[in-house]
Amino acid sequence: MCGIVGYIGTQAATEILLSGLEKLEYRGYDSAGIATIWEGEVNCVRAKGKLHNLRSKLEAVEAPAQIGIGHTRWATHGKPEEYNAHPHMDTAMRVAVVQNGIIENYRELRQDLKQKGYVFRSETDTEVIPHLIAEFLKNPPSSQLAQCSSPFFEAVRQAVNKLKGAFAIACVCADFPDELIAIRQQAPLVIGFGQGEFFCASDTPAIVSHTRAVLTLENGEMARLTPLGVEIYNFAGDRLKKQPRLLNLSPMMVEKQGFKHFMLKEIYEQPGVVRACLEAYFTNDINAPINLSLPAEFYDDLEQIQILACGTSWHAALIGKYLIEQLAGIPTQVQYASEFRYAPSPLTANTLTIGVTQSGETADTLAALAMEKERRSALELKYQPRLLGITNRPESTLGEMVSQIINIHGGLEIGVAATKTFIAQLMAFYALALDLAYRRQTISPDKLEDIINSLRQIPKEIEATLERQENLIEQLAHDFAETTDFIFVGRGINFPIALEGALKLKEVSYIHAEGYPAGEMKHGPIALLDAKVPVVAIAMPGNVYEKVLSNAQEAKARDSRLIGVTPVNDGEAAEIFNDLLPVSNVDELLSPILTVIPLQLLAYHIAARRGLDVDQPRNLAKSVTVE
Ligand code: F6R
């Protein structure tokens, strides 16, 4: 969480920083600030709340500076108040710093710096950094250790070597107006290369409208940006040789393109996402129908799979478990990464561990995987590297951590609530489960062909499903705009969809919602039901169809208004449910890709009708890089 951006070049920095921060606001939006250098002074402007507050404050400020840094905050240490907003400065107001991450040893550093006379003005962990840099500028070490002659760079390097934690930092100093230093240690940071201008940012959308040539800093690296170019060093001060790459992202992709919100645009992008996954994962070669490029040892003697994830990715993992167990017959556990870290299951020799994270930056998932990696090396397992990541960002920290990646091809997702990346994660699990089943021969070639052919029809079924919902859901959103509680139920492969439907509604509309396995309702939650609590039931023909219908009737008998996500033209369902959200009639095994769509739209339209900020719901951030 938190987004940072930096600019040095020949244009006015303020507007470039503000527009960069706009693209990073998905990372946090409690407060924002920028610091620029002009005529030997740091000009630092900060504002509580969303970026437009900062923008209005800056309207009154003359802004000719050509160097600066900016930050949009998701509060960790200290309330979301202006005095805690970044940038933070040293006592003499010469050094300005923005940070994304956590400085774990800030208490000791703060104590020590206070004793030396530095004055702290915030409650943040970040504020130790500008003071430390100022201290090293004042008292430089006797010998210059870095292969860089800049005193500012050297002071920053010395300071960074004192920090413990996971962080990305950008800093400037009024006494060195031609230098911007950017640092990465386990929090993302990219450097952008323009014509006589250079950028740094937490994520590429912040700079893609200026340049597509970027370099992703690796952990333990620092970049020195000047108007003449970019130099990369490690924390020991050795100069490194690195080349930028060209981004496969266009400025258009970070715009709403006529949709009112990114969330809606991303819901409508789902047919294209599924097409991209089909193209990437499935071939026309009958001898190698699935193409995940995983090494053979991922399949040999595999006895168990454990999947670690958080939030929506955890819901996708539950569907993954269903598919892997039912198609490939491999026992599979799904764990919340945040729980697993402190109570891991015993590790058996032939276990494949999968981390699922859209962003590839979720702190809990990364920490759980790091722990697994260590446990494996202690066990001297036959196949050490049996760690697989499923992510939308192969270039993320996750990508560096695991031996293999399945790229989910979701494209950039800006709405904070995950929608198209959930569907993309499901597609990755279909491909993985089918690949495992194919190689272990737990599925016949005919059945495999059948499923792949049906998957190929899914994009047009999503299109049809989207079309069917448009007016229906807007009407429901109108009826439910004031509702305070919702229950979602499903069974079997659609139980995780009930959880996901409830999570989407909570996140964007702030309505209390619970997802339950339909058969569990009578063991307690049914006590919640009355005419004020609507129940959404997912009832798709297959193994549990009749069971879900009778569970729905039980809710109806308690006066709940019943909304059914059911196949189109289903007479039986039409008699039971008060309202229908019809989806195309597909095999139950594939149905989650369709049944989630009306639930995403329901959450979206209710939130939009309530006039809420759908793309940036309160208290949330898109990538949760703190524990
Ligand atoms: C829900 C949502 C979150 C994320 C969770 C994990 O809409 O966006 O619940 O799914 O924070 O994020 P990733 O997948 O990036 O690890």
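The values are calculated or read from the model by the stated rules, or taken from the named source; none is laboratory data. Keep in mind it's a predicted model, so treat the numbers as computed, not measured. Here Cβ is always computed from backbone atoms with ideal geometry, including for glycine, and neighbour counts include all displayed protein chains. Surface areas here come from the heavy atoms of the whole protein model, side chains and all, with no ligands, DNA or RNA. Shrake-Rupley method; radii C 1.70, N 1.55, O 1.52, S 1.80 Å.
Quick notes on this one:
- Scaled radius of gyration (Cα, divided by 2.2 N^0.38 Å) that the stretch 362-492 gives: 1.41
- Antiparallel DSSP beta bridges within the stretch 220-336, as percent of all bridges there, nearest 5: 65 percent
- Carbon and sulfur %, accessible surface of the chain computed with the full protein complex present, 1.4 Å: 49 percent
- Shape of the stretch 3-246, Cα gyration tensor, a/c cut at 1.5: rounded
- Solvent-accessible surface of the stretch 3-246, taken per residue with a 1.4 Å probe and all protein chains present: 38 Å².
- Whether the chain is rounded, prolate or oblate, judged on the alpha carbon gyration tensor where a/c under 1.5 counts as rounded: prolate
- For the chain, relative contact order (Cα pairs under 8 Å, six or more residues apart, normalised by length) works out to 12 percent.
- Within straight-line reach of residue 23, meaning a Cα separation under 13 Å, sit the following aspartates and glutamates at least 8 residues removed in sequence or on another chain: 15, 203, 255, 413, 615.
- Full-extension gain in nm, residue 378 to residue 81, via 0.36 nm per residue minus C-alpha separation: 102.4 nm
- Peptides 584-596, 100-112 ordered by average Cβ neighbours within 10 Å, highest first: 584-596, 100-112
- Rel. contact order, % - alpha carbon contacts under 8 angstrom, at least six apart, the stretch 464-627: 29 percent
- Taking 0.36 nm per residue of sequence separation and removing the Cα-Cα distance, the residue 349/residue 107 pair yields an extension gain of 83.0 nm.
- Here the chain is assigned +1 on the Cβ of each Lys and Arg and -1 on the Cβ of each Asp and Glu. Its dipole about the Cα centre then comes out at about 980 debye.
- The modelled label-to-label distance between residue 219 and residue 585, using points 7 Å beyond Cα along the C-beta direction, is 5.3 nm.
- Estimated inter-spin distance, residue 522 and residue 485, nm [label 7 Å along Cα→Cβ]: 2.0 nm
- Normalised by 2.2 N^0.38 Å, where N is the number of residues, the C-alpha radius of gyration of the stretch 464-627 stands at 0.98.
- Between the stretch 193-225 and the stretch 455-480, the alpha-carbon centres lie 39 Å apart.
- Per-residue [θ]222 nm for the chain (sum of -39500 (n - 2.57) over DSSP H runs n ≥ 4, rounded to 500): -11000 deg cm²/dmol
- Cα-Cα over 24 Å, subset of 420/504; 260/622; 321/547; 504/532; 460/506; 57/164: 460/506; 57/164
- With the highest mean first, a sort of the peptides 547-555, 179-187 on other beta-carbon atoms found within 10 angstrom per residue produces 179-187, 547-555.
- Between the C-alpha center of the stretch 30-69 and that of the stretch 263-328 there is a gap of 44 Å.
- Gyration tensor (alpha-carbon) shape descriptor, the stretch 253-443, a/c threshold 1.5: oblate
- 5 angstrom amide H check on residue 390, placed H, neighbours 5+ away: 355, 356, 357, 406
- Taking θ as phi - 60° and the Karplus parameters 6.51, -1.76 and 1.60, the scalar couplings of the stretch 8-17 work out to 9, x, 10, 9, 5, 6, 4, 5, 5, 5 Hz in sequence order, x denoting glycine and proline.
- Rolling a 1.4 Å probe across all protein chains gives residue 388 an accessible area of roughly 0 Å².
- Protection proxy ranking for 200-212, 513-525, using the average of other Cβ atoms within 10 Å per residue and placing the highest first: 200-212, 513-525.
- Eligible lysines near residue 373 by straight Cα distance, threshold 17 Å, same-chain separation 8 or greater: 382
- Over the stretch 539-627, the hull volume per residue, using the convex hull of the C-alpha atoms, is 162 Å³.
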